[in-house]
Amino acid sequence: MNTQLLTLALIELILAIFVSVGIIFVSYKLLKWLFFKNEDLQGENMAFTIFTSGIIISIGIILSEIVPSITNIIRIATTQNEGIATGTVIKYSCLYLFIGFVVAVFINASVFFLFSLLTRGVNEFKAIKNHNLSVAILVAAILVSITLIAKDSIELLISSLVPYPEVTNFL
């Protein structure tokens, strides 16, 4: 059994769970605080639940592209002779999570802008507060669709920032 690989796998699993739970919790609290102070998932507003579900799925898709890059940095730091310092691992991890946050905000803003262009005169936040399921489903579907389309670009952007060790050119 490869104990180093097992350790890395456990670190990745624990990191994925803690980062995901933390970011989804903070995102939900921000969503409620900014837009839906009086709404609750236990309440009668199914539109709010659908809308929130779309945002959580979008965040999950974005995080699924970020966590492997954080794991790559940890792997490089633990397996290379000239390892990366712990501070550098934390710095890159925070950078990746910040990029993910900025991308998530940009995707959400794009969805709201696109929805406003498609449906002039409909305020999506008011419609969701007024239990309008069709608006919530459409906004959530657009959000997930754009996130799925952008996820490979997010992964490429994040992986381009991984500090891989220099390789000599033998040719």
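Quick notes
- Among the residues of segment 75-116, those that are in contact with a helix residue (DSSP H, G or I) (Cβ under 6 Å, 6 or more places away or on another chain), more than 30 Å from SER134 (Cα to Cα) and in a helix (DSSP H, G or I) comprise ARG75, ALA77, VAL89, TYR92, SER93, TYR96.
- A search for C-beta distances below 8 Å between a residue of segment 111-133 that is farther than 19 Å from THR147 by Cβ and any residue that is assigned to a helix (DSSP H, G or I) and aromatic (Phe, Trp, Tyr), counting only pairs 6+ apart in sequence or on different chains, returns VAL122/PHE115; LYS129/PHE48.
- Within segment 24-77, being at pLDDT 85 or above and among the acidic types (Asp, Glu) holds for one residue alone: GLU65.
- The residue of segment 115-139 that is surrounded by the fewest Cβ atoms within 10 Å (Cβ to Cβ), among those that are of a type in the set (D, E, K, R) and either closer than 11 Å to PHE48 by Cβ or in contact with a Ser or Thr (Cβ under 8 Å, 6 or more places away or on another chain) (or both), is LYS129.
- Of all the criteria given as (1) among the polar types (S, T, N, Q); (2) in contact with a Ser or Thr (Cβ under 8 Å, 6 or more places away or on another chain); (3) crowded, with 18+ Cβ neighbours inside 10 Å, the one not satisfied by GLN4 is (3).
- Scope segment 8-19; condition surrounded by fewer than 16 Cβ atoms within 10 Å (Cβ to Cβ) and either in contact (Cβ under 8 Å) with a residue 40 or more places away in the chain or among the aliphatic types (A, V, I, L, M) (or both); matching residues: ALA9, LEU10, ILE11, LEU13, ILE14, LEU15, ILE17
- Condition met for ALA77 (exposed (fewer than 13 other Cβ atoms within 10 Å of the Cβ), closer than 23 Å to GLY22 by Cβ and not charged (D, E, K, R)): no
The values are calculated or read from the model by the stated rules, or taken from the named source; none is laboratory data. All values reported here derive from a predicted model rather than from experimental measurement. Cβ: placed from backbone, ideal geometry, glycine included. Neighbour counts: every protein chain shown.
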